[in-house]
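First up is the structure itself, then whatever we jot down about it.
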Amino acid sequence: MQPIWAPCVSVASVTSSAGLAFAVEAMQAFKFSTWKERRLWSACSCSGVFWAARCFSSKQKHLPARFGSPGQGGDEGNRQQHDSHQTRTSEQVNPESPPPPRSCKPPKDSRPPGWKYKKSPGPAASSREEFRNLREDDFSKLRRRRSQKSSSVQRTQGSEILFGIGPCSIAFSQAKRNFFQLFVKSSSSGLRPVMEEFVQQAKARGASVHYVRREVLDTLCKDEVHQGVCLEASPLGLKSIEETEVPACQDPQQIWLVLEQIQDPMNLGTLLRCAYFLGVDQVVMSRSNSCPLTPVVSKASAGAMEILDVYSTDDIPRFLKAKIEACWEVVGTVSKSEVEGNIPVVDCLDFQWEKPTVLVLGNEASGLSPGTRSLCHKMLTIPPGIALHPGLDSLNVSVATGILLHSILRQKAKQHNAISP
């Protein structure tokens, strides 16, 4: 005899089996729809709007709003995508619904005329634009890295790069340096005569010659004006005035230029050029807090640094005291607004050059130090041509030096012209 609860068990088992089957079918449909959604996203993001539209139009499916034609987007596009997703899911869950007919051509309303030639402003287009910008940035950096890599050259340890026609030409003629390599700008029209002369001089001194691009020269001289030539050579150092025997001169009209803490290489180069042109006998620099003799200084001096013997001292006051004991006159410089103290101030046009003189120039910003100023016998000043503004009452140190040296040394020229018949 069958128990009373047996029908209940059989009914429950049938019900649970049907529910399980329905759940399995629903899970499979969900997985299938998710897989199709991933295919949709991959097709649209990787191949672009054109291929995604072509793929879906061939299968009679509508493209989501975010990949569709212009004007679709926002909440409306999201609702259409959600509705199409539910429609595909219901089609997969309901096995009784007939499969959609396949056709090679999409409906006329889904493909407007000229759709192939219209660009979609969707996210795929913006992604391509961002990728294009990123690609161009990366390629420009790559070109710069390649340029830097190709422009790197092997250099001798401790050497420096002279640049410019004037410094290189005078450096070859003076032969104070050791020369290692000459870099000349390559040209399809041939070398200029001055460059051919550089090549001959470099080969005569055992230096190797390289014909390079302009970018290589720019890198060697750190984007300075090289005029198509760079020369690798040993550096020029300062000679100690205490350790060097300076040749004595019996001429009472001698003038030495003393530079205290000149730090700008352009100013130093201009000072050396003025000193050479106007006929200064010797140039002495303070060793500390001063600009060294660099290729920039040589370029600013137009090569005068290669000719002059520039000396240095660690103690300018001690050097000036030694000159005072040797009956030299120490002359400093001051502007009109800085006139103070018991030291007499003389107009540079009224200065009488009667014995050997040391002209002392100070730092561009602070001028002469108090210790150096106290040792000066006179202070020279340059009279301005107009009433000056309080914020602009002085000259650049190199310009002022040129004026002062010319006003002093012209006296020697006048005496020479008076003596000569």
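When the range 171-194 is limited to residues that are assigned to a helix (DSSP H, G or I) and under 19 Å from Leu220 (Cβ atoms), the one that is modelled with the lowest pLDDT turns out to be Val194.
So which residues in the range 379-399 are within 40 Å of the chain's Cα centre (by Cα) and under 23 Å from Asn342 (Cα atoms)?
So in the range 379-399, the residues within 40 Å of the chain's Cα centre (by Cα) come out as 382, 384, 388-399.
Ile382, Pro384, Asp393, Ser394, listed by residue number.
For the range 322-363, what are the residues that are of a type outside the set (A, V, I, L, M), under 46 Å from the mean Cα position of the chain (by Cα) and exposed (fewer than 15 other Cβ atoms within 10 Å of the Cβ)? Across the range 322-363, the qualifying residues are Lys336, Ser337, Glu340, Asp347. Residue-level check: of (1) polar (S, T, N, Q); (2) under 17 Å from Phe163 (Cβ atoms); (3) exposed (fewer than 13 other Cβ atoms within 10 Å of the Cβ), Gln201 misses just (3).
Taking (1) out of contact with any strand residue (DSSP E or B) (no Cβ under 8 Å at 6 or more places or on another chain); (2) more than 21 Å from Ala175 (Cα to Cα); (3) modelled with pLDDT of 90 or more in turn, Val297 satisfies each apart from (2).
Just a yes or no: is a residue in the range 195-204 in a loop (DSSP other than H, G, I, E, B) and of a type in the set (A, V, I, L, M, F, W, C)? No, every residue in the range 195-204 fails to be in a loop (DSSP other than H, G, I, E, B) and of a type in the set (A, V, I, L, M, F, W, C).
Okay, residues lined up against (1) touching a helix residue (DSSP H, G or I) at 6+ places or on another chain (Cβ under 7 Å); (2) at pLDDT 85 or above:
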| position | (1), (2) |
| --- | --- |
| Ser374 | no, yes |
| Lys378 | no, yes |
| Thr381 | yes, yes |
| Gly385 | no, yes |
| Ile408 | no, yes |
| Ala413 | no, no |
| Asn417 | no, no |
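Tallying residues that are of a type in the set (A, V, I, L, M, F, W, C), outside any loop (DSSP other than H, G, I, E, B) and surrounded by 14 or more Cβ atoms within 10 Å (Cβ to Cβ) within the range 365-402 yields 5. Listed conditions (1) free of Cβ contacts under 8 Å to residues at least 12 places away in the same chain; (2) in contact with a strand residue (DSSP E or B) (Cβ under 9 Å, 6 or more places away or on another chain) are all met by Asp223, apart from (2).
The values are calculated or read from the model by the stated rules, or taken from the named source; none is laboratory data. Owing to the predicted nature of the structure, the values given are computational and were not obtained by experimental measurement. No Cβ is skipped: glycine too gets one built from the backbone with ideal geometry, and neighbour counts run over all protein chains shown.
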